[in-house]
Amino acid sequence: MIVRNQRKNNRFYFSLAHGVFIIANTSIVDIIYENMAETGMAWYHYIWLESVMEHIAEHDLTPDDFEYVFENYHSEGVSRSTGRPMRLGETADGRDMAVVFEWVEKDVSVMPVTAYEVGA
């Protein structure tokens, strides 16, 4: 399970629960940017922690709901309670939802924090 990542000396380090994995001389960011250039569309790398998936399930939401709203949002803001970025939108089935997240790598890698229905 990835808990954070970092780029140093042109190597991309992923800190894992069970150790450190290194991708030498490249990064997932490079791979993502190549994919974006080829397809002409945004592509995000989601870093899901089991605890976050369990937490949003308590709100009757799924990782797919989170990712759909994240990618198809209608407004952005900042969470009043945490100061983290958030996006507001509708799930594929029409529920209004807020998703709170952290950028691990700006505009590429996203770590979901929470998600909840708004106006429910």
Checklist entry - Summing +1 for each Lys or Arg and -1 for each Asp or Glu, what net charge is found among the other residues whose Cβ lies under 10 Å from the Cβ of residue 73? => result -2
Checklist entry - Working out 0.36 nm times the residue gap between residue 59 and residue 72, then minus their Cα-Cα distance, what length gain in nm do you get to one decimal? => result 2.7 nm
Item to check | Exposure proxy ranking, count of Cβ atoms within 10 Å, fewest first, for 65, 93, 107 | outcome: 93, 107, 65
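Laboratory data are not the source of any read-out in this text; all were calculated from the coordinates shown. Just so we're clear, the structure is a prediction, and the values are computed from it rather than from any experiment. Neighbour counts run over all protein chains shown; Cβ positions are idealised from the backbone, glycine included.
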